[in-house]
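The values are calculated or read from the model by the stated rules, or taken from the named source; none is laboratory data. Keep in mind it's a predicted model, so treat the numbers as computed, not measured. Positions of Cβ are backbone-derived with ideal geometry, glycine not excepted, and every protein chain shown enters the neighbour counts.
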Amino acid sequence: MGFRITTWNVNGIRNPFSYEPWRGTRTFEAMFGILEADIVVFQETKIQRKDLRDDMILIPGWDCYFSLPKTKKGYSGVVIYTRNATCAPIRAEEGLTGVLCPPNSSVSFRDLPDDQQIGGYPTMEQLSELELDAATLDSEGRCVILEFPAFVLLGLYSPANRDESRDSFRHCFLDILDARIRNLIAMGKRVFVTGDINISRGEIDAAHASEAIRKGTLTEDEFVSAPARRLFNQLLTDGNVVGPRDEGREQPVLHDICRSFHPDRRGMYTCWEQRINARPGNYGARIDYVLCSRDMEDWFCESNIQEGLMVGFVSALS
């Protein structure tokens, strides 16, 4: 039996209902029916706990797992919905570092008994190398992790490259994401990584980079050597990494599922600059991904963006 995963930066959990075909139905149950998905990962839910409503969390046939910002209100946020008839998780966590606590508990995820942990938490040495503390990194509602019998799923909303004031947070988040993924795989667990990574991995994935390279104002080596992009590409089996790999990142561990089905396809974008209305001309970037550990490469029968919808993209498992 196969199932389908959809990832979508919704820019506000009720925002999809402003667009067709969601405008006419205005229920999450109907939305998930149209998507024909079994796992739906939303990023940028932009909602506070006090504003959650029954229609968002009590959806017939579905379970949901939220991570919301601890301090900034109406900002960021990730939720994973799972169709309980096809894929019920056995464990759920929020955050990457394991320092947060389950609901109604004062014991952190990383301090739970072994049989209750998902595992793969960054080591004390890995955490000590960061400029920011673990609680700060997990304070913005950017990660939900679910463990299923066959794999671990990370639903992510990675920090964007907005300005220099956020560089430290972004780089620390990506460092600890890299560590958690590699640690889980080293434990022998299969891993999915889904969501808005906020990085275009190569020139083919970014219209502005393609244009700059064509004009001679940028080289592809320069583009892929940006710190966040270089780190991301070191995770990927076909990532373009210029120069020696970083210590501890000698081996790629993730497979870019969508690109494997469409290796040379251009214009496969998932994000467009709204201020200049760039979507009609498809001047955008691919920053949303469904990735898997290398031992899952042959699980998939298709992966694509859904161009006709205000939605990210889909991967289908055979």
Name, by its number, the condition in (1) modelled with pLDDT under 90; (2) over 24 Å from A228 (Cα atoms) that does not hold for F313. (2)
Subset of region 279-297, residues closer than 15 Å to N11 by Cβ and within 12 Å of the chain's Cα centre (by Cα), comes to I287, D288
For region 18-65, which fully contained helices (runs of 4 or more DSSP H) count at least 3 residues that are under 20 Å from L146 (Cβ atoms)? 28-35
Give the residues of region 1-41 that are under 16 Å from the mean Cα position of the chain (by Cα), under 14 Å from R83 (Cβ atoms) and not polar (S, T, N, Q), sorted by residue number. R4, I5, I39, V40, V41
Please state which one of N277, N304 is surrounded by fewer than 17 Cβ atoms within 10 Å (Cβ to Cβ), at pLDDT below 95 and farther than 26 Å from V79 by Cβ. N277
Would you be able to tell me the number of residues in region 104-130 that are in contact (Cβ under 8 Å) with a residue 24 or more places away in the chain and not in a loop (DSSP other than H, G, I, E, B)? 3
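Residue-by-condition table, conditions (1) among the small types (G, A, S); (2) free of Cβ contacts under 8 Å to residues at least 12 places away in the same chain:
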position	(1), (2)
F169	no, no
D175	no, no
D178	no, no
A209	yes, no
I213	no, yes
T219	no, yes
G239	yes, no
Restricted to region 66-103, and to residues that are out of contact with any strand residue (DSSP E or B) (no Cβ under 6 Å at 6 or more places or on another chain) and free of Cβ contacts under 8 Å to residues at least 40 places away in the same chain, which residue is surrounded by the fewest Cβ atoms within 10 Å (Cβ to Cβ)? P103
Does R26 fit the bill of being surrounded by fewer than 19 Cβ atoms within 10 Å (Cβ to Cβ), charged (D, E, K, R) and modelled with pLDDT of 95 or more? no
